[in-house]
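To start, the structure under review is shown below, and the notes come after it.
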Amino acid sequence: MKKQYEFLNLATVNAPFMPEIEKAIGRVLASGRFVGGPETVAFERALAAQTGTEYAVGVSNGLDALRLIFRAYIALGRLKPGDEVIVPANTYIASVLAVTDAGLKPVLADCSRETMNLTAEGLREALTARTRAVLTVHLYGRAAWGAEMDAIARAHGLIVVEDNAQAIGATSPEGKATGALGDAAAFSFYPTKNIGALGDAGAVTTSDFALAEAVRALANYGSRERYKNIYAGFNCRLDPIQAAVLGVKLPHLEEEGRRRREVAEVYLSEICNPAIELPQKPEKGKHVWHQFVVRTAQPEWRDAFRAYLADEGVDTDIHYPTPPHRQECYRRQFAGESYPEAEALSATAVSLPISGCTSTADAREIAAIINRFTPPQP
Ligand SMILES: *Cc1c(COP(=O)(O)O)cnc(C)c1O
């Protein structure tokens, strides 16, 4: 039988941590504290320290982290329904869902071909007199914020929110951690993320005390003090069992990023096929390669490329086959709008296996398999 190269195997990813995870979960079980408690507090402190922000608030998942940030800005009177928020056109749908959920207006900015992310140019083009915030998404693990974009945002008085679901551990060109680049950041610890829980989990980081307090209260029925509700809130708290799991995995963040960069380096230096375009690594700053996204030179070649790889035992995925503005749920929201770079990417992207347990030997073999691909003749 042919060797199989799995896209991602979470049992393998988590195996080295299991003895410690079992101990950590055991502590929660013995404590009898199943909401809040010391494991949650300890994880929040560790995350704030890792990110370099004053506060971290553990929440239920990444989408809720984003929703709570926008709802908190509204509760504080710093945003109001109808305000425009710039969001990259190439993102996972959750980024846009959080904006519309809060009654804000998402204004999409096309991605750049080089970074597949928001750039200063895209930000400038999407600006209007009604822009009040920007939600930058560090997609695929690449920081999508730097000095130039920051200067634009400051000049226009924009609130800067980061969707850091895919880039925990990455740094900007200036060397600052994602999650501390804007006014507030959302993290996801969905099991497949670089630091994944054993279920849903998320967090908000910020150095703004009022915002941290508003997010925390909104995630707890809108209450700071029991039976006193200042906001009409939700229940979006972090499960302490997941906090305990994350407390075991977070200290290994640097190593996770380093191993992913090693795999990415092999792909970047060894894949050489005119039919396949490689992603660019940033000149400065740490990329954490949540996904390694290549593109077929022609959209018509993608199915053949994936079928060829599957036949050779290499599992792949597509991030993402349909951009948010082309989704059924947003047919009216973005009617008639077109974002050519995001659309081209969605038609040509193929994600290769990459994780903390992809070996460099496997990456070399995958590269060699890719180099033998010949596109279908018309
Ligand atoms: C995973 C992800 C989210 C959502 O996080 P969940 O924890 O799954 O709710 C949001 N944005 C991006 C870019 C993501 O990759």
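Please work out which residue is surrounded by the fewest Cβ atoms within 10 Å (Cβ to Cβ), limiting yourself to the range 110-132 and to residues that are among the polar types (S, T, N, Q) and away from the ligand (no atom under 16 Å from the Cβ). Checked the range 110-132; the qualifying residue surrounded by the fewest Cβ atoms within 10 Å (Cβ to Cβ) is T128. Condition test on T192, is it of a type in the set (V, I, T) and within 20 Å of A46 (Cβ to Cβ)? In short, no.
Let's see how each residue does on (1) in contact (Cβ under 8 Å) with a residue 60 or more places away in the chain; (2) charged (D, E, K, R); (3) farther than 13 Å from E6 by Cβ:
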| residue | (1), (2), (3) |
| --- | --- |
| G313 | yes, no, no |
| R332 | no, yes, yes |
| G336 | no, no, yes |
| S346 | yes, no, yes |
| P353 | yes, no, no |
| C357 | yes, no, no |
| Q377 | no, no, yes |
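A residue that is touching a Ser or Thr at 6+ places or on another chain (Cβ under 8 Å), without any contact (Cβ under 8 Å) to a residue 60 or more places away in the chain and closer than 21 Å to W145 by Cα occurs nowhere in the range 39-50. Condition check: buried (at least 24 other Cβ atoms within 10 Å of the Cβ) and either modelled with pLDDT under 95 or away from the ligand (no atom under 14 Å from the Cβ) (or both). Does T178 satisfy that? Considered against the rule, which asks whether it is buried (at least 24 other Cβ atoms within 10 Å of the Cβ) and either modelled with pLDDT under 95 or away from the ligand (no atom under 14 Å from the Cβ) (or both), T178 comes out as no. Scanning the range 297-325 for residues that are surrounded by 18 or more Cβ atoms within 10 Å (Cβ to Cβ), under 25 Å from E337 (Cβ atoms) and away from the ligand (no atom under 16 Å from the Cβ) yields a count of 1. In the range 196-205, the qualifying residues are those that are farther than 15 Å from R237 by Cβ and either near the ligand (Cβ under 10 Å from one of its atoms) or buried (at least 24 other Cβ atoms within 10 Å of the Cβ) (or both), and the one that is nearest to the chain's Cα centre (by Cα) is G196. Scan the range 216-248 for residues that are at pLDDT below 95 and either surrounded by 20 or more Cβ atoms within 10 Å (Cβ to Cβ) or hydroxyl-bearing (S, T, Y) (or both) and the total you get is 1.
The condition of being within 27 Å of G52 (Cβ to Cβ), modelled with pLDDT of 95 or more and among the charged types (D, E, K, R) does not hold for E270. Annotation note: Cβ proximity below 9 Å between a residue of the range 51-68 that is more than 19 Å from H138 (Cα to Cα) and a residue that is assigned to a strand (DSSP E or B) and polar (S, T, N, Q) (sequence gap 6+ or interchain) occurs for E54/T205; E54/T206; Y55/T205; Y55/T206; V57/T205; V57/T206; S60/N235.
The listed residues are V107, V85, V96, V57, and the only one of them that is modelled with pLDDT of 95 or more, of a type in the set (V, I, T), surrounded by 24 or more Cβ atoms within 10 Å (Cβ to Cβ) and in contact with an Asp or Glu (Cβ under 7 Å, 6 or more places away or on another chain) turns out to be V57.
Any idea which residue in the range 62-96 is farthest from P340 (Cα to Cα), counting only those that are more than 10 Å from the ligand (Cβ to nearest atom) and basic (K, R)? Once the filter is applied, the top-ranked residue is R78.
Condition test on E213, is it away from the ligand (no atom under 14 Å from the Cβ), surrounded by fewer than 16 Cβ atoms within 10 Å (Cβ to Cβ) and within 30 Å of L29 (Cα to Cα)? So E213 does not fit the description; no. All of (1) touching a Pro at 6+ places or on another chain (Cβ under 9 Å); (2) closer than 21 Å to R142 by Cβ hold for A275 with one exception: (2). Tallying residues that are assigned to a loop (DSSP other than H, G, I, E, B) and polar (S, T, N, Q) within the range 172-189 yields 2.
Take the conditions in contact (Cβ under 8 Å) with a residue 24 or more places away in the chain, crowded, with 17+ Cβ neighbours inside 10 Å, more than 15 Å from the ligand (Cβ to nearest atom) and not in a loop (DSSP other than H, G, I, E, B) and apply them to A264. Does it pass? Quick ask: steps written out before the conclusion?
On the way: in contact (Cβ under 8 Å) with a residue 24 or more places away in the chain: yes; crowded, with 17+ Cβ neighbours inside 10 Å: yes; more than 15 Å from the ligand (Cβ to nearest atom): yes; not in a loop (DSSP other than H, G, I, E, B): yes.
Yes.
With respect to being modelled with pLDDT of 95 or more, closer than 23 Å to A49 by Cβ and either within 16 Å of the ligand (Cβ to nearest atom) or among the aromatic types (F, W, Y) (or both), A143 fits the description.
The values are calculated or read from the model by the stated rules, or taken from the named source; none is laboratory data. These figures come from a predicted structure and were not determined experimentally. FYI the Cβ positions are ideal-geometry reconstructions off the backbone, even for glycines, and counts take in every protein chain you see.
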